[in-house]
1. So how many residues does the range 64-102 have that are in contact with a strand residue (DSSP E or B) (Cβ under 8 Å, 6 or more places away or on another chain) and without any contact (Cβ under 8 Å) to a residue 12 or more places away in the chain?
2. Quick one: is residue 38 within 29 Å of residue 164 (Cβ to Cβ) and in contact (Cβ under 8 Å) with a residue 60 or more places away in the chain?
3. Between a first residue in the range 241-260 that is under 27 Å from residue 130 (Cβ atoms) and a second residue that is within 7 Å of the ligand (Cβ to nearest atom) and in a loop (DSSP other than H, G, I, E, B), which pairs have beta carbons less than 7 Å apart while being 6 or more apart in sequence or on different chains?
4. Please work out which residue is farthest from residue 281 (Cα to Cα), limiting yourself to the range 41-61 and to residues that are assigned to a helix (DSSP H, G or I) and out of contact with any helix residue (DSSP H, G or I) (no Cβ under 6 Å at 6 or more places or on another chain).
5. Among 219, 234, which is within 16 Å of the ligand (Cβ to nearest atom) and crowded, with 19+ Cβ neighbours inside 10 Å?
6. Just give me the residues in the range 237-255 being more than 8 Å from the ligand (Cβ to nearest atom) and surrounded by 12 or more Cβ atoms within 10 Å (Cβ to Cβ), in sequence order.
7. Identify, please: which residue in the range 159-181 is in a loop (DSSP other than H, G, I, E, B) and over 18 Å from the mean Cα position of the chain (by Cα) and is, among those, surrounded by the most Cβ atoms within 10 Å (Cβ to Cβ)?
Ligand code: AMP
């Protein structure tokens, strides 16, 4: 019996369809993707709650209906009267996707603006999952409030799990991003970075350097994802382990690869799996997710 909270922003996704003049509407967001895969991977003795903010409008209602339909709790999604959810639009040209965003004034930017609500959301939870995107969208004072709330949560025995999910475009500049990401890692028990992003923005020479850097910032455990290459794991002071990534027959769409890996790993760990088996569970789930189109692929989840 346990409870996981996933903290972040979920947006409406508009994409073009084969039928001219018709758009498809769905919902997406890194922390939603992980909540979705956790819900589908764990049994009913685990509650998965989303922590965010939405508006009072019909579109926000649709998002909450969607979360509830997926078995994700919405008790701690705050309603803000003068806001609505962020939106993005996907254009497909010659097989390449490009994105147009309307998210600068989204309700989710206020998800940490009420410290009492944040404390209520975390109260009694076992695991808090969040990402660098969660942190990027907040004003500075709310970044501090969220880090402080998670630090208290960790101090009371909660497990904080963080995916840096580096998105420099959401930050004022790369230095600001790097500084906050390290502050976030310092309050997180487990960090789940992706090497390609880390090499680009922190200049790490190899996944071991990424793992050591996050450990030096205060993360107890670090799992470095690296596409089709080995997964590098650092646990406490017991050195580095490397685990192979199972080959994928056909990569169709890498959306949510990292988010689903995180959920597959975490669900297995919470089910009592050993480190190697939990890493394999994360990689196998991610491998099936990228073999199909879209971020939320329920069929990719295989419960024992
Ligand atoms: P990434 O964030 O790109 O490192 O990917 C996250 C996870 O998705 C990896 O750790 C792998 O488990 C899986 N993955 C991504 N790309 C591939 C690939 N080309 N082949 C197999 N697995 C992959």
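The numbers here are math on the coordinates, done by the rules we state, and not lab data. Predicted model only: the values in this text are computed from it and were never measured. Methodologically, a virtual Cβ is constructed for each residue, glycine included, from the backbone with ideal geometry; neighbour enumeration extends over all protein chains shown.
1. Of the residues in that region, 3 qualify.
2. Considered against the rule, which asks whether it is within 29 Å of residue 164 (Cβ to Cβ) and in contact (Cβ under 8 Å) with a residue 60 or more places away in the chain, residue 38 comes out as yes.
3. 245/228; 253/290; 254/290; 257/290
4. Of the residues in the range 41-61, the ones assigned to a helix (DSSP H, G or I) are 41, 58-61.
Next, from what is left, pick out any that are out of contact with any helix residue (DSSP H, G or I) (no Cβ under 6 Å at 6 or more places or on another chain): 58-61.
Working: 58: 38, 59: 35, 60: 33, 61: 34 Å.
Across the range 41-61, the extreme among qualifying residues is 58.
5. Unique residue meeting the criteria: 234.
6. 240, 241, 242, 243, 244, 252, 253, 255 - these are the residues of the range 237-255 that are more than 8 Å from the ligand (Cβ to nearest atom) and surrounded by 12 or more Cβ atoms within 10 Å (Cβ to Cβ).
7. Looking at the filtered set, the residue picked out is 172.
Here's the yes/no breakdown for (1) within 23 Å of residue 155 (Cβ to Cβ); (2) more than 16 Å from the ligand (Cβ to nearest atom); (3) in contact (Cβ under 8 Å) with a residue 12 or more places away in the chain:
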| site | (1), (2), (3) |
| --- | --- |
| 172 | no, yes, no |
| 187 | yes, yes, yes |
| 192 | yes, no, yes |
| 195 | no, no, yes |
| 209 | no, no, no |
| 215 | yes, yes, yes |
